[in-house]
Each structure stands twice: as C-alpha cells, then as structure tokens.
Amino acid sequence: MEKAFDFKDKVVVITGAGGVICATLATAFAELGAKVALLDLNLEAAQEQADEINSNGGVAFAYKANVLDKDNLEEVRKSVSKDLGKVDILINGAGGNNPRATTDNEFHTKDLPEDTTSFFNLDEKGIEFVFNLNYLGTLLPTQVFARDMVDKEGANIINISSMNAYTPLTKIPAYSGAKAAVSNLTQWLAVHFSQVGIRCNAIAPGFLVTNQNRGLLFDDDKPTERAEKILRNTPMGRFGESEELVGAVLFLASESLASFVNGVVVPVDGGFSAYSGV
Ligand code: NAD
C-alpha cells in the first residue's frame, strides 16, 4: 500500500490545466511527487497554476497548447520531453460547452418568438466547435502523447466525460453527444492499447461550479432555475468541489491500485446518475 499513491518523478501531462478541475488535479499529482506539464490555450492561467505548484516545492511547467492543433501538440510534446521527460500519465481535461451550441429552451413549443435559439436554428459552427473541442480535443493529444507511453510501465490515460454521456441534459445537444463520444473513445482506447500496457479510463463528474457553467448556474450569486433543478436531482443536494474528483483520478492513475482497471468511466456525482428523480 505504501506505493499506492507514489507518483514520484512520473511525468503527468494535463490538458485544460488552467481551468478549475484540471488545476486541482495538477496540484494533487505535484503534491505526490509527479512532474506536471500544464497545457492550456490560456497560457497565463496555466502559468499561474504552475507558479503556485513550484512555489510550494513541486515541479511544474506551463505550455501554451491547443488540443485541436496537432502540429502545436507535437511541438509541446518535444518541449515536455526536454523539460520533464517522456509522459507517463495523460489527463485529457480540456473541454466544455459554448452558448452557440445551446438552445434557449428545454422543450420545443409552437409559436416561439423569432429571435429564439431553438434546435432548428442552432449554429452549425457552434455545434462543430463543441464537438471538436471535447472529442477531437481528447483524441489528438492522445495520438501525440500516447506514442511515448507504449510499453512504459504504469502508463495510462484519463479522460473527462460527464453526466451528459449517460443521459443528455436539455439545451446542450453537442456537448452531450461529444461527452458520450468521449466515454466511447475511452473504451475504444482501452481495448486498442491493451497489448502495449497503456490503460485508459475516465471520470464522469457530476455538477461543479466552474468557469464554463457559472453563467448557466448563477444569476448574480442566486442559483438559476436550472441550478435548482440540478440540486433537486443530486441526492446529496449540493454541487461538487473539484477536490472531490481527486480520489477517483489518483485511483485510476495508480499502477499499484488500478493495474487491471481498464475502460471504465467512474461517475463522481453525489448520486446524480443513480437517481431517477422519484
Ligand atoms: P474550465 O472552463 O474551468 O477549464 C477548461 C480549460 O480548458 C480552460 O482553462 C480553457 O482555457 C481550456 N481550453 C479550452 N479550449 C482549449 C483548447 N482548444 N486547447 C487547450 N485548452 C483549452 O472547465 P472545467 O469545469 O475545469 O472543465 C474541465 C473538464 O471537465 C472539461 O472537459 C469539462 O467538460 C469537464 N466537466 C466539467 C464539469 C463541471 O461541472 N464543471 C462536469 C463534467 C465534466
């Protein structure tokens, strides 16, 4: 058990690491001795997190990376190898929804006002953007970094899916479909890499308040109707904290605890996915 959470000198690459969830994961790995590469489109945000980790005695580098640009990812891979060594663990965390792929209403009704964003006039480019960010944004970094993980002891990949993958939430069809595809890709990769020692798993977080959904959940500090609905459907009756995802991620990443765990998507959701609402 001593080695259960020993990530000393493991190189952990995390995309979306300037964001709320992945910055928390980066900090946890660093506290357990890992060398962390924080990749984000927003370099400033990633750098801020890396600085914080380094000032607390950890080892972290920040990189400007676009998970949708393979050439850029190849460059980043070279820099990570030079600065920290070859990757052991990849966390595909970059993702999110976009207002351009969100309908105004939960249900279609007759005689909606002209200016309503309904299913019928959802912006095709917005849908493509969200689908690409979540699905391709998981696949491309895996193509680039998993090359170095082949036959590396303890190598594994962790994707971030969502409750939307099980049952789609109203209003956000592209995000829901893309996260279902991320769960599916997790299983596909687990099978595909099973003979070369790379495990692939995912977590499916329940509802946390982060930058990408704050606008949907709060209206000046007051929970929106949607936020109240979410809380009613979360048996534990509250939003999660990013720190509450750490245990599941460390377990999946740990070679001594999870060496035979491959292709699973672990819900961390306060019971949301188990609850019928009745
Ligand atoms: P966040 O918005 O705080 O962080 C997302 C980060 O991804 C941001 O720092 C952003 O700059 C970065 N990013 C966006 N596009 C990028 C690109 N093309 N290349 C590189 N980086 C890019 O969101 P979060 O809540 O911390 O989300 C992390 C992951 O968790 C996402 O995949 C999200 O879909 C998923 N998730 C979140 C929740 C929740 O309730 N917050 C629930 C389930 C799943």
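The values are calculated or read from the model by the stated rules, or taken from the named source; none is laboratory data. Worth saying up front: this structure is predicted, and the values here are computed from it rather than measured. Cβ coordinates were reconstructed from backbone atoms using ideal geometry, including for glycine residues, and neighbour counts include every protein chain displayed. With ligands, DNA and RNA removed, areas are computed over all heavy atoms of the protein, side chains included. Shrake-Rupley method; radii C 1.70, N 1.55, O 1.52, S 1.80 Å.
Quick notes
- Restricting the range 228-245 to residues that are among the aliphatic types (A, V, I, L, M) and buried (at least 19 other Cβ atoms within 10 Å of the Cβ), the residue that is farthest from Met163 (Cα to Cα) is Leu245.
- For the range 75-99, taking the residues that are within 14 Å of the ligand (Cβ to nearest atom) and surrounded by fewer than 21 Cβ atoms within 10 Å (Cβ to Cβ), the one that is modelled with the highest pLDDT is identified as Glu75.
- Selection within the range 4-43 - part of a strand (DSSP E or B) and either aromatic (Phe, Trp, Tyr) or in contact with a helix residue (DSSP H, G or I) (Cβ under 8 Å, 6 or more places away or on another chain) (or both): Val11, Val12, Val13, Ile14, Thr15, Val36, Ala37, Leu38, Leu39, Asp40
- Filtering the range 100-121 to residues that are open to solvent by less than 100 Å² (accessible area, probe 1.4 Å) and either in a loop (DSSP other than H, G, I, E, B) or more than 20 Å from Phe131 (Cβ to Cβ) (or both) leaves Thr102, Thr103, Asp104, Asn105, Glu106, Thr109, Leu112, Pro113, Thr116, Thr117, Ser118.
- Pair list, Cβ < 6 Å and 6+ apart or interchain, from the range 248-265 residues that are more than 14 Å from Ser183 (Cβ to Cβ) and among the hydroxyl-bearing types (Ser, Thr, Tyr) to residues that are open to solvent by less than 20 Å² (accessible area, probe 1.4 Å) and in a loop (DSSP other than H, G, I, E, B): Ser254/Ala4; Ser256/Ala4
- Flag for Thr210 being open to solvent by 40 Å² or more (accessible area, probe 1.4 Å), in contact (Cβ under 8 Å) with a residue 60 or more places away in the chain, hydroxyl-bearing (Ser, Thr, Tyr) and farther than 22 Å from Asp88 by Cα: no
- Restricting the range 141-162 to residues that are more than 13 Å from the ligand (Cβ to nearest atom) and in contact with a Leu (Cβ under 9 Å, 6 or more places away or on another chain), the residue that is nearest to Gly206 (Cα to Cα): Ile157
- Residue match in the range 44-64 (condition: part of a loop (DSSP other than H, G, I, E, B), small (Gly, Ala, Ser), at pLDDT 95 or above and within 8 Å of the ligand (Cβ to nearest atom)): no
- Residue that is nearest to Gly177 (Cα to Cα), among those in the range 100-126 that are more than 16 Å from the ligand (Cβ to nearest atom) and of a type in the set (S, T, N, Q): Thr103
- Flag for Ala165 being near the ligand (Cβ under 10 Å from one of its atoms), under 24 Å from Arg226 (Cβ atoms) and touching a residue at least 24 places away in the same chain (Cβ under 8 Å): yes
- For the range 30-43, residues that are under 19 Å from Arg77 (Cα atoms) and either within 16 Å of the ligand (Cβ to nearest atom) or open to solvent by 70 Å² or more (accessible area, probe 1.4 Å) (or both) total 8.
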